[in-house]
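**Q** Below: one structure in structure tokens.
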Amino acid sequence: MIGSSLIILYGMVSVLGAVGILIKGSAKSAVGYIYLFLLSHITLVVITLYALCKPLNFIWYIIGFLTCLISRWLNGKFVFGWNNWLHYFIVALIFTVGYFLT
């Protein structure tokens, strides 16, 4: 339950950040990447909410994790122009701790 809450909180903060970027309009040339980022994190939240009700195979967490990492990498590269690798380490740590606490 604690791990699921952590993953849901992470997903919702990411979704709110993406919505903020869309509303602000600061990434007009990379709106597609923002939508991919938004979709991947909404999917992660849905997967985690579903896992609270019924047990899920580990592959679903891997799929959610990989889509979030890929969308984060694309978002960093094309929206902000740079990637911070420490950020990806922290994201991986959140997912790992969240999965093992679920």
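**Q** Quick check on A30: is it more than 18 Å from T96 (Cα to Cα) and not acidic (D, E)? Let's see the steps before the verdict.
**A** Values: more than 18 Å from T96 (Cα to Cα): yes; not acidic (D, E): yes.
For A30, the condition - more than 18 Å from T96 (Cα to Cα) and not acidic (D, E) - is met.
**Q** Given the conditions (1) on the phi > 0 side of the Ramachandran plot; (2) open to solvent by 50 Å² or more (accessible area, probe 1.4 Å), and given that G25 satisfies all but one, which numbered condition is not satisfied?
**A** Every condition holds for G25 apart from (2).
**Q** Right, here's the next one. Of everything in region 6-20, what is open to solvent by less than 80 Å² (accessible area, probe 1.4 Å) and either modelled with pLDDT of 85 or more or touching a His at 6+ places or on another chain (Cβ under 8 Å) (or both)? Give them in sequence order.
**A** First, the residues of region 6-20 that are open to solvent by less than 80 Å² (accessible area, probe 1.4 Å): 6-8, 10-11, 14-15, 17-20.
Selection gives I8, Y10, G11, S14, V15, G17, A18, V19, G20.
**Q** Taking region 56-70 as the search range and keeping residues that are of a type in the set (F, W, Y) and over 11 Å from the mean Cα position of the chain (by Cα), which one is most open to solvent (accessible area, probe 1.4 Å)?
**A** Start the filter on region 56-70 by keeping residues that are of a type in the set (F, W, Y), which leaves 58, 60-61, 65.
Narrowing the set further to residues that are over 11 Å from the mean Cα position of the chain (by Cα) leaves 58, 60-61.
Working: F58: 94, W60: 123, Y61: 29 Å².
Result: W60.
**Q** Can you name the number of the only condition in (1) open to solvent by 80 Å² or more (accessible area, probe 1.4 Å); (2) part of a loop (DSSP other than H, G, I, E, B) that W73 fails?
**A** Only one criterion is unmet by W73, namely (2).
**Q** Could you tell me which residue of region 78-87 is least open to solvent (accessible area, probe 1.4 Å), considering only residues that are of a type outside the set (A, V, I, L, M) and within 16 Å of F37 (Cβ to Cβ)?
**A** Here is the first cut: in region 78-87, the residues of a type outside the set (A, V, I, L, M) are 78, 80-85, 87.
Retained after the next criterion (residues that are within 16 Å of F37 (Cβ to Cβ)): 78, 80-84, 87.
Details: F78: 96, F80: 117, G81: 61, W82: 157, N83: 41, N84: 71, H87: 73 Å².
Among those residues, the one meeting the criterion is N83.
**Q** Can I42 be described as within 10 Å of the chain's Cα centre (by Cα), exposed (fewer than 14 other Cβ atoms within 10 Å of the Cβ) and assigned to a helix (DSSP H, G or I)?
**A** Numbers: within 10 Å of the chain's Cα centre (by Cα): yes; exposed (fewer than 14 other Cβ atoms within 10 Å of the Cβ): no; assigned to a helix (DSSP H, G or I): yes.
Answer is no for this residue.
**Q** From I90, I34, grab the single residue that is part of a helix (DSSP H, G or I), of a type in the set (A, V, I, L, M, F, W, C), surrounded by 15 or more Cβ atoms within 10 Å (Cβ to Cβ) and more than 10 Å from the chain's Cα centre (by Cα). If you could, list the steps in order and put the result at the bottom.
**A** Numbers: I90 fails: surrounded by 15 or more Cβ atoms within 10 Å (Cβ to Cβ).
Matching residue, one of I90, I34: I34.
**Q** Can you spot a residue in region 47-55 that is outside any helix (DSSP H, G or I), open to solvent by 50 Å² or more (accessible area, probe 1.4 Å) and either touching a helix residue (DSSP H, G or I) at 6+ places or on another chain (Cβ under 9 Å) or polar (S, T, N, Q) (or both)? Break it down into steps so the answer makes sense when it comes.
**A** Here is the first cut: in region 47-55, the residues outside any helix (DSSP H, G or I) are 54-55.
Now narrow it down to the ones that are open to solvent by 50 Å² or more (accessible area, probe 1.4 Å): 54-55.
After this cut, where a residue has to be either touching a helix residue (DSSP H, G or I) at 6+ places or on another chain (Cβ under 9 Å) or polar (S, T, N, Q) (or both) as well, the list is none.
Checked against the condition, which is being outside any helix (DSSP H, G or I), open to solvent by 50 Å² or more (accessible area, probe 1.4 Å) and either touching a helix residue (DSSP H, G or I) at 6+ places or on another chain (Cβ under 9 Å) or polar (S, T, N, Q) (or both), region 47-55 yields no hits at all.
The values are calculated or read from the model by the stated rules, or taken from the named source; none is laboratory data. Remember, it's a predicted structure, so these values are computed and weren't measured experimentally. Note: ideal-geometry Cβ built from the backbone for every residue, glycine included; neighbour counts use all protein chains shown. SASA here: full protein model, heavy atoms, side chains in, ligands and nucleic acids out. Shrake-Rupley method; radii C 1.70, N 1.55, O 1.52, S 1.80 Å.
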